[in-house]
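Report on the structure given below.
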Protein chains: 2
Amino acid sequence: MNKNFILKGNFVYCNEKKELVICENSYGICVDGVSGGIYKEIPEKFQNLEIIDYGNRLILPGLVDLHVHGPQYGFRGVGFDCELIEWLNTHTFPVESQFGNEDYAKKAYKIFADDLKNSATTRAVIFGTIHENSTRILMELLEETGLKTYVGKVNMDRNAPEYYMEDSTEKSVQDTIRFIEEAQKNFKNTKPIITPRFIPTCTDELMKKLAELKRKYHLPMQSHLSENRGEIEWVKELCPWAECYGDAYDECGILEGKYSSIMAHCVSSTDEEVELLKEREVFVAHCPKSNLNLMSGIAPIRKYMEKEIPIGLGSDVAGGETLSIFEEMAKAIQVSKMYWRYVDEQCRPLTVPEALFLATRGGGAFFGKVGSFEEGFEFDAIVIDDSQIKTQLDLTLTERLERIVYSSGQCKLIAKTVGGKKIFAD
Amino acid sequence: MNKNFILKGNFVYCNEKKELVICENSYGICVDGVSGGIYKEIPEKFQNLEIIDYGNRLILPGLVDLHVHGPQYGFRGVGFDCELIEWLNTHTFPVESQFGNEDYAKKAYKIFADDLKNSATTRAVIFGTIHENSTRILMELLEETGLKTYVGKVNMDRNAPEYYMEDSTEKSVQDTIRFIEEAQKNFKNTKPIITPRFIPTCTDELMKKLAELKRKYHLPMQSHLSENRGEIEWVKELCPWAECYGDAYDECGILEGKYSSIMAHCVSSTDEEVELLKEREVFVAHCPKSNLNLMSGIAPIRKYMEKEIPIGLGSDVAGGETLSIFEEMAKAIQVSKMYWRYVDEQCRPLTVPEALFLATRGGGAFFGKVGSFEEGFEFDAIVIDDSQIKTQLDLTLTERLERIVYSSGQCKLIAKTVGGKKIFAD
């Protein structure tokens, strides 16, 4: 359904060198959900395909959100008056604990899934709660959207409030096994992912067992790393044997398997930790909105890029205030300018093409060949009408892209396709 | 017209201690364009007034933009790849110079005036270009909106490209006199303001003559101060006799008259300059969006607040990417967190009530009794529908305000009043 067609419009995407590729007034071919390339004129063999003409609008690869907490969506934009650990205890855990009630979860997750569907995000990697049943409800709702996602049931067996902690390590593991098997059986676009919350709330025993499940079921994993200074000190106390925070994960075996792990934040990673990220090819989910709001700091993304560590962007709702990955792109550039100004003048600020790369190919690589219109990439596309941003000037497509990144709230998203499947269209 | 009425809804504003005042489900009285106070029940003497019921919506004081460049609106969100001086030469001056053509100016300023009218801003202090006629066109368009504004014809008689510089100091002064006299004669809500661009483009002779005009016509003035490090070095070269950048203005007499000057930015002011700002009671226009985009840095607003220097917010379009003062509030908080984290841990981050204060009473003070619903303040009100930000939670009005600040793009502005005059209403 809808998997063979041609879009016409102004295509803008990144090549693997993080440069913009601009195809004005061109035809983008989708065959069996995969890009057949972008052309100025339709090649002979595609001439029977239906053409959907988007005129002067911009067509970009769908955006990828590598880190977002579904259950926190209800309090997005509220409570940015404290740092991470206090924020978890006062704002986050009280709300997440409510998801033990399935009716509550249905109501809350419906809002999240609807808004994610209507956003510019085509793919996302999502935290649920510790509750197996509610996380399955989230997956059911996401499956209906047509988006492609990974969803994790969160594991927490220590250092959490009594009202929001799993009863035992064993129960945490058993619930996770059931969650994985059910998910693998029931969903096509919504896949399970191993999700220890972070070192402070997971015993070494739990982490090792999750590493076993990761191997056994061939799953990826997601967690948090070196977000906040207080958190890092706490990990040192909890794992005095670890050489760095990242090593506390690695010693449990959970970072094994290249390109199979996502670590959110990495704001204050030591050189040693950065080497570990590189060696294990861990994806860094860069979440500048959240890192501003919770006062965590600025991740040195330029350094990570130079080391060719895989990086994508994460909205990190509700540390981040909205689901918008365009806003995350703008913030990634803006905070990189402050890092350059105040921390390290060797770290050149990010550019718009680089931010687009992170938001598309960067995070997209976690899903395979995703985030570009080059031939062979899955056909994820968003069509953007920027005509409401009025100007007397004639802008180039590069300028219009920049303006969309900085003023996305004033643009209208008029169509979205994931792997060639129409999610919505005007 | 429309100057006597009652609004019903949830009023949120700041008292002079920068604390939130929350009046749930209350009546706000407007008599002759001035607030008669907020009440839970309508006092006897106001019972004949028309009531406009906004139900569960939030009603805030109108927002004040202390620093914005009208002619730069066309390239907002474009060209944030360089610092101030290069940006002026490559992006700004080429566009501003076009405003010598009145037809061009009409077209461009119509877009600016329409969008400002439809924004949450009720009052603004605006830069035009060096062109007297075009700046008058801007004032005509603004007068039609019903907003209350100050508008300045820009003065530049040195160090600018030949295609965008005034022919002589004398012509700059004569054009300014004509501009002032015409404006004072023709407009009610749109007032002239003395506007030397900044020290680098104004000779001492020009600055001294503008100071005379300021005194003679009882006008305020606006300019730029200590925005960018390269700019500051340049001012040192140009005015070796000045004790600091601010002193280069002050020695010309243009900062005389307390509360009569606005200086945009003050990112890198020395202690001496801060003392001068305090002594002259100069308004600081804090423009965090612009200061991020042009890599200028972070103004130490907490320090200025502690010294009780008057401060408001400025969108600084097109250094800032949008006209939104809500976005400026969010950014002011976010950058203050980075200043605290990376520059000075003594500078506590700004809070939401403090940001609201800056955006309303802070900048409003430049216009008189503006920025509050306390009795005697001019009745500037904006009515905000936040129902599109869906949640399963019951939020307090304080939480809803915070969410509006961080997600203003998702809210709908449904009515706006300036000095009791209806600008628009659903």
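Just checking, how many residues over the stretch B:7-43 are hydroxyl-bearing (Ser, Thr, Tyr) and open to solvent by 30 Å² or more (accessible area, probe 1.4 Å)?
Counting residues in the stretch B:7-43 that are hydroxyl-bearing (Ser, Thr, Tyr) and open to solvent by 30 Å² or more (accessible area, probe 1.4 Å) gives 2.
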- Task: Can you run down the residue pairs with Cβ atoms below 6 Å, 6 or more apart or on separate chains, where the first is in the stretch A:100-115 and farther than 14 Å from A:GLU143 by Cβ and the partner is open to solvent by 50 Å² or more (accessible area, probe 1.4 Å) and outside any helix (DSSP H, G or I)?
- Result: A:ILE111/B:LYS390
- Hits in the stretch B:295-306 (condition: more than 30 Å from A:SER407 (Cβ to Cβ) and either in contact with a Cys (Cβ under 7 Å, 6 or more places away or on another chain) or not assigned by TED's automatic domain parsing to the domain that holds B:ILE126 (or both)): B:LYS303
- Considering residues of the stretch A:272-307 that are acidic (Asp, Glu) and within 23 Å of A:MET221 (Cα to Cα) only, the residue nearest to the chain's Cα centre (by Cα): A:GLU281
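Matching residues to (1) modelled with pLDDT of 95 or more; (2) among the polar types (S, T, N, Q); (3) under 21 Å from A:PHE366 (Cβ atoms):
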{"position": "A:GLY146", "(1), (2), (3)": "yes, no, yes"}
{"position": "A:LYS153", "(1), (2), (3)": "yes, no, yes"}
{"position": "A:PRO161", "(1), (2), (3)": "yes, no, no"}
{"position": "A:ARG178", "(1), (2), (3)": "yes, no, no"}
{"position": "A:ASN189", "(1), (2), (3)": "yes, yes, yes"}
{"position": "A:ILE199", "(1), (2), (3)": "yes, no, no"}
{"position": "A:THR203", "(1), (2), (3)": "yes, yes, no"}
{"position": "A:LYS209", "(1), (2), (3)": "yes, no, no"}
- Note on the structure: When A:ILE22 is run through (1) in the same structural domain as A:GLY314 (by TED's automatic domain parsing); (2) touching a strand residue (DSSP E or B) at 6+ places or on another chain (Cβ under 8 Å); (3) β-branched (Val, Ile, Thr), the failure sits at (1)
- Item | Among residues of the stretch B:158-175, those that are part of a helix (DSSP H, G or I) and closer than 14 Å to B:SER134 by Cβ, counted | 2
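Given the residues A:SER260, A:SER296, which is the only one that is under 21 Å from A:LEU350 (Cα atoms) and either within 11 Å of chain B (Cβ to nearest Cβ) or open to solvent by 10 Å² or more (accessible area, probe 1.4 Å) (or both)?
A:SER296
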- Selection over the stretch A:1-48 where residues are assigned to a loop (DSSP other than H, G, I, E, B) and in contact (Cβ under 8 Å) with a residue 24 or more places away in the chain yields a count of 11
- Among the residues listed as B:THR360, B:THR396, the single one being crowded, with 24+ Cβ neighbours inside 10 Å and within 24 Å of B:TYR27 (Cα to Cα): B:THR360
- Item | Residue in the stretch A:384-419 that is farthest from the other protein chains (Cβ to nearest Cβ), counting only those that are among the β-branched types (Val, Ile, Thr) and within 25 Å of A:GLU321 (Cβ to Cβ) | A:VAL418
- Query: Taking strands (runs of 3 or more DSSP E) that fall entirely within the stretch A:367-426, which contain at least 3 residues that are small (Gly, Ala, Ser) and farther than 22 Å from A:ASP115 by Cβ?
  - Reply: none
- within 25 Å of B:ASP115 (Cβ to Cβ), assigned by TED's automatic domain parsing to the domain that holds B:TYR109 and in contact with a Lys or Arg (Cβ under 7 Å, 6 or more places away or on another chain): does that describe B:GLY33? no
- Message: I'm told B:MET221 meets every condition in (1) within 24 Å of the chain's Cα centre (by Cα); (2) open to solvent by 30 Å² or more (accessible area, probe 1.4 Å); (3) farther than 16 Å from B:ALA299 by Cβ except one. Can you identify the failing condition by its number?
- Response: (2)
- Item | Meets criteria (more than 9 Å from chain A (Cβ to nearest Cβ) and open to solvent by less than 10 Å² (accessible area, probe 1.4 Å)) for B:ALA365 | no
- Are any residues in the stretch B:302-353 open to solvent by 10 Å² or more (accessible area, probe 1.4 Å), more than 10 Å from chain A (Cβ to nearest Cβ), assigned to a helix (DSSP H, G or I) and of a type outside the set (Phe, Trp, Tyr), and if so, which ones? B:ARG302, B:LYS303, B:MET305, B:GLU306, B:PRO353
- The correct count of residues that are open to solvent by 10 Å² or more (accessible area, probe 1.4 Å) and under 21 Å from B:TRP234 (Cα atoms) in the stretch B:275-288 is 1
- Item | Count - residues of the stretch A:141-157 that are open to solvent by 10 Å² or more (accessible area, probe 1.4 Å), in a strand (DSSP E or B) and more than 23 Å from A:ILE325 (Cα to Cα) | 0
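The values are calculated or read from the model by the stated rules, or taken from the named source; none is laboratory data. As the structure is a computational prediction, the values presented were derived from the model and not from experiment. Cβ coordinates were reconstructed from backbone atoms using ideal geometry, including for glycine residues, and neighbour counts include every protein chain displayed. Note: areas computed on protein heavy atoms with side chains; ligands, DNA, RNA excluded. Shrake-Rupley method; radii C 1.70, N 1.55, O 1.52, S 1.80 Å.
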